[in-house]
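What follows is one structure encoded as structure tokens, with my remarks underneath.
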Amino acid sequence: MESFDPVVLARIQFAANMTFHILFPTISIGMGWVLLFFKTRFIATAEQQWMDAYQFWVKVFALTFALGVVSGITMSFQFGTNWPGFMNTVGNVAGPLLAYEVLTAFFLEATMLGIMLFGRGRVSERVHTTATFVAAFGTTMSAFWILALNSWMHTPAGFVMIDGKAHVTSWLAVIFNPSFPYRFTHMLIASGLTVSFLLAGLSAYRWLKGDKGKSVQASMRTGVYVAAFLIPLQIVVGDQHGLNTLQYQPAKVAAMEAIWETQKGAPAVLFAIPDKETQTNKFEIAIPKLASLYLTHAWDGEIKGIKDFGEQHPPVAPVFWAFRIMVGVGMLMLAVSWLASWQLRKGELQQWMARALVGMTFAGWVALIAGWYTTEIGRQPWLVQGVLTAAQAASKVPASHIALTLAMYLSTYAMLLSAYVSVVFYLARKAAHAATVLIVNATPDLKADSNANWGVAHG
């Protein structure tokens with residue numbers, strides 16, 4: 001086991017923890033605003049369907065928030081155990097930003113969550129709505145501080161190095177560093193898309209189980225329509241983010257596009273197997289000049305190749321494939337959301353489309369993780385771009401110790417993730433069953449109709 005590189009194992013361990021953790025705040029951020037939308041619609045229309053939707057989805061929000069908090073705590077410990085050089089070098093920047101995030105999350109989200117779950121009927125409608133808004137605002141502010149730090153690690157600004165330590169000269173420059181606006185916007189839209197497909201997928205699942213009540217229809221339409229709106233917006237923001245990355249992290253872009261030689265009119269590589277030994281692409285399928293067009297907005301725009309960066313470049317293959325998975329899933333989201341929107345506007349959703357939405361329930365997670373890997377692996381070998389490498393920040397913990405805790409993390413995360421997915425679908429089944437029983441017991445005529453719908457859903 002000691003033959004393994006402890007730095008690589010430490011990176012894998014942190015990546016595993018971050019992969020698990022980021023799934024839940026992503027849902028919490030978007031879900032908070034969806035709950036606020038449901039609540040304000042209920043107040044404006046007095047239609048019970050909106051409150052029924054709120055009462056169902058607030059349970060998913062609470063479950064998601066709990067797992068996000070637990071996984072975030074373990075991640076924080078790794079700064080001391082595996083990456084002591086990070087805080088020793090840039091702790092003056094990272095420490096306050098992380099502290100603000102914790103204060104935001106616990107004081108705004110956790111406190112208001114209790115009122116959202118148990119306060120209705122015990123506090124006024126206005127207080128309950130305010131609590132929902134504050135919780136939604138808290139989730140967004142948590143993302144604000146974390147994305148400020150993460151963006152600073154990619155495009156550091158507003159500091160000077162004194163005796164090997166970063167000292168802040170301008171907090172505005174630190175927070176609003178060159179890549180922050182693009183990363184923050186990109187992440188918020190990604191959160192909205194993740195929640196949209198979760199809404200649409202679980203609602204379609206309930207619909208297939210025979211629950212075609214108004215609250216299910218409202219949740220499904222909300223998810224589908226929001227996704228259809230956000231996907232084109234994400235494409236535009238992603239394009240601007242790409243231009244920013246090309247300016248500040250050209251090595252990452254070269255890896256994303258598998259461009260080895262600096263060239264003008266660079267092709268867009270659709271498929272290839274990047275070979276780091278020969279620094280070439282095997283089995284390449286490419287469209288001439290297209291990469292230069294969408295990266296520089298000019299047919300003959302120059303793109304730096306991997307070879308120009310010597311050893312200071314990320315591994316090409318994982319960045320190349322992660323980026324394509326993100327884009328591919330995004331295009332699938334676009335097609336499904338637009339087609340589902342068209343069906344809903346024409347009338348009722350078709351059975352095959354409902355099943356497609358169920359299959360896409362967690363598609364946002366796939367695109368999110370692929371995009372996160374593109375971003376974070378694409379920064380290597382740097383931990384803070386141009387300031388601190390991963391090797392410089394790593395601890396002296398033996399590889400065997402890291403491997404043991406890594407195995408424990410992975411097994412625990414696999415169990416928790418499967419439990420989370422199982423529970424949210426259980427909640428959907430339980431709600432669908434309760435709604436079906438209510439219909440069946442309403443009148444004899446409705447009972448026959450409900451049985452017929454149940455048979456169609458399970459046909």
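The values are calculated or read from the model by the stated rules, or taken from the named source; none is laboratory data. Only a predicted model underlies this, so the values are computations on that prediction, with no experimental measurement involved. Methodologically, a virtual Cβ is constructed for each residue, glycine included, from the backbone with ideal geometry; neighbour enumeration extends over all protein chains shown. Remember, those area values only see protein heavy atoms, side chains included, never the ligands or the DNA or RNA. Shrake-Rupley method; radii C 1.70, N 1.55, O 1.52, S 1.80 Å.
So which residues in the stretch 207-249 are over 24 Å from residue 308 (Cβ atoms), open to solvent by 20 Å² or more (accessible area, probe 1.4 Å) and charged (D, E, K, R)?
Within the stretch 207-249, 209, 212, 214, 221 meet the criteria.
Kindly list the number of the only condition in (1) in contact with a strand residue (DSSP E or B) (Cβ under 9 Å, 6 or more places away or on another chain); (2) modelled with pLDDT of 95 or more that fails for residue 148.
If we test residue 148 against (1) in contact with a strand residue (DSSP E or B) (Cβ under 9 Å, 6 or more places away or on another chain); (2) modelled with pLDDT of 95 or more, just (1) comes out false.
Can you tell me which residues in the stretch 264-284 are closer than 18 Å to residue 303 by Cα and assigned to a loop (DSSP other than H, G, I, E, B)?
Across the stretch 264-284, the qualifying residues are 265, 266, 267, 279.
Which is basic (Lys, Arg), open to solvent by less than 40 Å² (accessible area, probe 1.4 Å) and modelled with pLDDT of 90 or more, of 282, 252?
Values: 282 fails: open to solvent by less than 40 Å² (accessible area, probe 1.4 Å).
After applying the criteria, what remains is 252.
Take the conditions within 23 Å of the chain's Cα centre (by Cα), of a type in the set (Val, Ile, Thr) and over 25 Å from residue 385 (Cα atoms) and apply them to residue 104. Does it pass?
Working: within 23 Å of the chain's Cα centre (by Cα): yes; of a type in the set (Val, Ile, Thr): yes; over 25 Å from residue 385 (Cα atoms): yes.
Yes: the conditions hold for residue 104.
Could you grab me the full set of residues in the stretch 72-111 that are small (Gly, Ala, Ser) and either over 15 Å from residue 142 (Cβ atoms) or open to solvent by less than 50 Å² (accessible area, probe 1.4 Å) (or both)? Reasoning before the result, please.
Initial filter on the stretch 72-111 (small (Gly, Ala, Ser)): 72, 76, 80, 85, 91, 94-95, 99, 105, 110.
Matches in the stretch 72-111: 72, 80, 85, 91, 94, 95, 99, 105, 110.
Please go through the stretch 367-419 and pick out each residue that is hydroxyl-bearing (Ser, Thr, Tyr), farther than 17 Å from residue 75 by Cα and surrounded by fewer than 19 Cβ atoms within 10 Å (Cβ to Cβ).
389, 400, 418
Among the residues of the stretch 112-145, write down those that are open to solvent by 40 Å² or more (accessible area, probe 1.4 Å) and under 20 Å from residue 174 (Cβ atoms). Full working, then the answer.
Restricting attention to the stretch 112-145, the residues satisfying the condition of being open to solvent by 40 Å² or more (accessible area, probe 1.4 Å) are 115, 117-118, 120-127, 130, 133, 137, 141, 145.
Selection gives 141, 145.
Take residue 317 and decide whether it is under 16 Å from residue 242 (Cβ atoms) and small (Gly, Ala, Ser). Break it down stepwise before answering.
On the way: under 16 Å from residue 242 (Cβ atoms): no; small (Gly, Ala, Ser): yes.
Spelling it out, it is not the case that residue 317 is under 16 Å from residue 242 (Cβ atoms) and small (Gly, Ala, Ser).
Quick check on this structure: which one of 327, 319 is within 24 Å of the chain's Cα centre (by Cα) and crowded, with 18+ Cβ neighbours inside 10 Å? Even if it seems obvious, please write down each step before you answer.
Numbers: 327 fails: crowded, with 18+ Cβ neighbours inside 10 Å.
So the residue among 327, 319 that is within 24 Å of the chain's Cα centre (by Cα) and crowded, with 18+ Cβ neighbours inside 10 Å is 319.
Could you list all residues from the stretch 285-301 that are open to solvent by less than 80 Å² (accessible area, probe 1.4 Å), part of a strand (DSSP E or B) and over 11 Å from residue 257 (Cβ atoms)?
287
Test residue 35 against the stated conditions and say whether it is surrounded by 15 or more Cβ atoms within 10 Å (Cβ to Cβ) and at pLDDT below 95. Spell out the reasoning first.
Numbers: surrounded by 15 or more Cβ atoms within 10 Å (Cβ to Cβ): yes; at pLDDT below 95: no.
Criteria not met by residue 35.
Take residue 40 and tell me if it is hydroxyl-bearing (Ser, Thr, Tyr) and either in contact (Cβ under 8 Å) with a residue 40 or more places away in the chain or surrounded by 20 or more Cβ atoms within 10 Å (Cβ to Cβ) (or both). Talk me through it step by step, then tell me what you get.
Values: hydroxyl-bearing (Ser, Thr, Tyr): yes; either in contact (Cβ under 8 Å) with a residue 40 or more places away in the chain or surrounded by 20 or more Cβ atoms within 10 Å (Cβ to Cβ) (or both): yes.
Considered against the rule, which asks whether it is hydroxyl-bearing (Ser, Thr, Tyr) and either in contact (Cβ under 8 Å) with a residue 40 or more places away in the chain or surrounded by 20 or more Cβ atoms within 10 Å (Cβ to Cβ) (or both), residue 40 comes out as yes.
For the stretch 219-256, give me the residue count where each residue is within 21 Å of residue 152 (Cβ to Cβ) and among the aromatic types (Phe, Trp, Tyr).
Result for the stretch 219-256: 1.
Does the stretch 156-192 hold any residues that are over 17 Å from residue 96 (Cβ atoms) and open to solvent by less than 10 Å² (accessible area, probe 1.4 Å), and which are they?
Once the filter is applied, which keeps residues that are over 17 Å from residue 96 (Cβ atoms) and open to solvent by less than 10 Å² (accessible area, probe 1.4 Å), the stretch 156-192 yields 179, 191.
Here is a list of conditions, (1) open to solvent by 20 Å² or more (accessible area, probe 1.4 Å); (2) over 26 Å from residue 382 (Cβ atoms); (3) not polar (S, T, N, Q), and residue 333 meets all of them except one; can you say which number that is?
Of the numbered conditions (1) open to solvent by 20 Å² or more (accessible area, probe 1.4 Å); (2) over 26 Å from residue 382 (Cβ atoms); (3) not polar (S, T, N, Q), the odd one out for residue 333 is (1).
With the condition being at pLDDT 95 or above, I'd like the helices (runs of 4 or more DSSP H) fully within the stretch 326-414 carrying at least 2 qualifying residues. Give the derivation first.
Working: elements: 351-359, 363-377, 390-393.
Output list reads 351-359, 363-377.
Does residue 45 satisfy the condition of being without any contact (Cβ under 8 Å) to a residue 24 or more places away in the chain, under 24 Å from residue 220 (Cα atoms) and open to solvent by 20 Å² or more (accessible area, probe 1.4 Å)?
Details: without any contact (Cβ under 8 Å) to a residue 24 or more places away in the chain: yes; under 24 Å from residue 220 (Cα atoms): yes; open to solvent by 20 Å² or more (accessible area, probe 1.4 Å): yes.
Against the criterion (without any contact (Cβ under 8 Å) to a residue 24 or more places away in the chain, under 24 Å from residue 220 (Cα atoms) and open to solvent by 20 Å² or more (accessible area, probe 1.4 Å)), residue 45 qualifies.
Looking at (1) more than 30 Å from residue 262 (Cβ to Cβ); (2) crowded, with 19+ Cβ neighbours inside 10 Å, which is the one condition that is false for residue 313?
(1)
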